[in-house]
Amino acid sequence: MSQETLSIISSMDSYSFKQPETFTHFAESRSWEPGWLADYRKECWDSFASLPERLLKDETWRFSPRARFGLNKINGLADPKESLIIEENSSKDGVSIDLFDRLILDQPHCLSLLPKIAGPDLGANDYSLLTGAFAETGYLLRANRSVHSGQPIIVKHIEPEAGKIAFHHSLIELEANTEVTLVEKFIANETNPGGTISSLLKVRLGDGARLHRIVLQQCSKSATLVQLENFIIGKDGYLSSTNLHLGCGQTRVESKGVLNGSGSHFEYGSAHSGDSNQLFDQRTIQVHEAPNCTSNLLCKNVLRNEAKSIFSGLIKVRKEAQHTDAYQTNRNLLLSSEAKADSLPGLEILANEVKCSHGATTSRIDPQELFYLQSRGMSLKDAEKLIALGFLSGPLNSVSHEPTREWILNSLADSLES
Amino acid sequence: MINPSQVAVDRDKGNFHYDTDYSFDAGVGLSEEVVRYISEVKNEEPWVLDFRLKALDTFLKKPMPTHWATDDLKNINFDVIRYYLAKGQKPSRTWEEVPDDIKKTFERLGIPEQERKFLAGVEAQFDSEAAYSRMKEDLEKEGVIFVGSTEGLKEYPEIFRKWFGKVIPTSDNKFSALNSAVFSGGSFIYIPPGVKLAQPLQAYFRINAENFGQFERTLIIADEGSEVMYMEGCTAPKFETSTLHSAVVELVALKGAKIQYITVQNWSNNVFNLVTKRALAEEEAEVRWIDCNIGSRLTMKYPGVILRGRKARGEVISIALANDGQHQDTGAKMVHAADETTSNVVSKSISIGKGRSSYRGLVQMPGHLKGCKNNTECDALLINNNSQTDTYPAITVQGDDNSVQHEASVSKVSAEQIFYMQQRGLSEAEAMSLCVNGFVNDLIREFPMEYSVELKRLIELEMEGSVG
């Protein structure tokens, strides 16, 4: 057998990102890119290749069946053109959104911030580095004038076919006093479900900028999603991220909110509705670096059958961040005897003039509530659904754009119906 | 505004040291010879020596748990520690027989005085061995056993061997393995069925020698329907070099038994206090850990209860005070392993000056259980700009018939509160002390009277000079 056929066979066995050839092949195919990007890709891949073997006891993966996020089921990259779509007419006066791929050709300087902002660094650094090295698509959202447009901008992430992975590397840069609403949809692959999306988002808000971001994830039940995001919020800035996860076999979300200008606010809400053996692994950190900032996090899970959720959140208040007001709440509703919820809420407080608290509860539905609804003529199933809907709508109610709020609540109601 | 200043704190009750001649000394550093020496001096059965040697092996193999714990652990130098120091092998039964230098120490700490006042039995450990052990005679007649670890394993193997090392296996963690290899002293207690002790038993642990490691081993078995309250106090003089205290405490509460275990830890600021404490609660049994940590350089202590029988109940009540150069890393573990078990954790911590206090918790409820409940509350109070507080709970719940609630908050004494009291004529320091006492007051009430008075006084002393 010739050397060539051997290498083909081995690459068919498993597509290995650790193989230097995988990267050099990829880099050659993108030799037209600017030098700084090629250097960044190389740097990311080198760091990935030198990552230590997974530790048996890694606090950032505590309670997580990490094998479910393994890279060994992947046999190739997804077609970038089909994996990220910006809905038409999304760009408006003062606000522009464009694809990573197009910008590299026309205005590569717009992307120069990408290498300067790190990933969230909450455990899935392998995915974060691979996205840096291999991403061929992503979006860049910018606002440079004092605009306030209620109409949301819509981006669609599309689940690749089984065995493929899509890397999305995106950037949001809002200049002072701009306000934007962004909706990100994760859409299932109907024909050949089971792909993986690794989405790395970096956000920087200027003074007084406001970003409302809404995520609706409806991938197939065999898909894998690794969603990594780092939000940096400037003075008097406001960022809300509202997430509804309904699909995916396994989801790993890492969100970092850094309040580095005084008077800023970070609002994070997430709702997960899980069935069969879905896994929702969520890690968050609220970093208070500047004084007089506030942050609020609410994560709610409803779990049926053998679904499992992990919530690990940390509020970190640096010494300088006096007059911090930070909250973190995790609530889990378990509807079957196999459903399982792990909760790791954490606080690390170094300033003294603060108000910080967290709460975590896990329970079943109060039988009295069910009885009340049944006594009004509702079936047990409907009563359960209604309570689950009310429970999960909590984090979604913070969406200020009304049509979007209605749309996301309807998506939740529909998914509970089916 | 409150203007904090860093004034050295007085916590000097235990800070004195008398020179003592030791008859038994295992030398410096840890090796198989040291372990064999300890076993030989104690004239132990071969199975105990085997147990120790296996534990030494486990200790050497296990890594330091610094992937989650503080890096300060790396500053422990196991090679300079003295693992066994004793004056005699058998504790005196009357106060008069206690050697003079040791007697002086305990008299100054008020031990015999307390015994006369309100205790059912006392044991006073001086470095590796108990110097004094006495229990009221009527209790002895009822079959209560209150002895040291060596005597317990030798004289009553039929009672203690069954549970020894079963609640906390040697390999539980690096420090439980170290303790299993070189343990000496501690209390082995057996309360026969139905016997309810009206007065508490007390042990007092004293480290006297420099560079010394104290590794006491306690095992309390409360047989069906019995009740016992056990209290321990600890002090050491302030040395320049660090000292290690690493105890293993196992409690077994059989059907319907009640155990209360009270600790007032007031080690000096050079002591690494790394303690493993766990209880097993059978059907309808109740175990309460009441824990107060004021001293030490680093305390890592997470008392746990394994709720193994139906309707068992576990509780941890804990107060921690971290001052300059101290890290109080405390918490609780509640492992639910039977239906209708309940647990409650209330933890309050105060960080003063450059002190750091952490809460680490663990609650586990598997899905096949019904009707389990847990409540956890942790509150932290920060006094100065340089203090730190952390909370790291881990909660795992499965199934649709269990419920858990956890709440934590961090706050500081507000300038308004202080201003209000000053305006009523209190000094700033008095106002601060009042606020802190108010913060922990409902927990202090859980301690027996004699201790709660002492605690309030200790907290007042700690607070002295921290404001104003």
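Computed from the coordinates by the stated procedures, all read-outs in this text should not be read as laboratory data. Note that the structure is a prediction, hence the values are computed from the model and not measured. When we count neighbours, we look across all protein chains shown, and the Cβ atoms used for this are built from the backbone with ideal geometry, even at glycine.
Tabulated values for the structure
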read-out	value
Ellipsoid semi-axes in whole angstrom, largest first, where each is sqrt(5λ) of the Cα gyration tensor of the protein assembly as shown	55, 30, 28
Span-like helix ranges in chain A, DSSP H, alpha carbon extent 24 angstrom or more, Kyte mean at least -1.0	A:380-396
Cross-link pairs beyond the 26 Å C-alpha cut-off, checked among B:277/B:373; B:258/B:373; B:62/B:255; A:381/B:311; B:62/B:348	B:62/B:255; A:381/B:311; B:62/B:348
Given charges at Cβ of Lys, Arg, Asp, Glu: chain B dipole, positive-most of B:251, B:152, B:429	B:251
Neighbour-count ranking [beta-carbon atoms within 10 angstrom, fewest first] of B:16, B:24, B:183	B:16, B:24, B:183
Those residues of the range A:163-191 whose amide nitrogen sits under 16 Å from the label point placed on residue A:87, 7 Å along Cα→Cβ	A:180-188
Whole-percent pair-distance distribution, where bins are 5 Å wide, for the alpha carbons of the range A:36-118	3, 9, 12, 16, 18, 15, 12, 9, 5, 1, 0
Dipole magnitude of the range A:141-253 about its Cα centre (Cβ charges: Lys, Arg +1; Asp, Glu -1), debye to nearest 20	60
Positive-pole candidate from A:269, A:238, A:310, dipole of the range A:233-353, charges at beta carbon	A:310
Pairwise centroid distance, computed over Cα atoms, of the range A:312-332 with the range A:182-207, Å	26
Backbone N within the range A:325-345 under 12 Å of label point (7 Å from residue A:372 Cα along the Cβ vector)	none
Lysines whose Cα lies under 19 Å from that of residue A:308, excluding same-chain neighbours fewer than 8 positions away	A:221, A:300, A:340, A:385, B:370
Length-normalised contact order for chain A - Cα pairs under 8 Å, 6+ apart - percent	10
Proxy reagent accessibility, fewest Cβ within 10 Å first, across A:36, B:163	A:36, B:163
Helical mean residue ellipticity (222 nm; -39500 (n - 2.57) per DSSP H run of 4+; nearest 500) of chain B	-7000 deg cm²/dmol
Residue order, fewest to most surrounding Cβ atoms within 10 angstrom, among A:114, A:211	A:114, A:211
Cα Rg over Rh - chain B, Kirkwood	0.96
FRET E, pair residue A:59, residue A:39, Förster distance 30 Å, beta-carbon r, rounded to 0.05	0.40
Computed [θ] at 222 nm, helices only, for chain A once each DSSP H run of length n ≥ 4 contributes -39500 (n - 2.57)	-7000 deg cm²/dmol
Dipole-positive endmost among B:131, B:320, B:56 within the range B:14-412 (Cβ charges, Cα centre)	B:320
Placed amide H near residue B:234: partners under 5 Å, 5+ positions off or other chain	B:205, B:264, B:266
Among beta bridges that DSSP assigns inside the range B:14-412, antiparallel share in %, nearest 5	10
Interchain or long-range residues, amide H under 5 Å from residue B:384's placed H	B:353
Exercise: per-residue mean of other protein chain Cβ atoms within 10 Å, A:335-343	6
Charged-residue dipole, Cβ positions (Lys, Arg, Asp, Glu), the protein assembly as shown about Cα centre, Debye nearest 20	540
Over the range B:316-468, equivalent-ellipsoid semi-axes from the Cα gyration tensor in Å	34, 15, 14
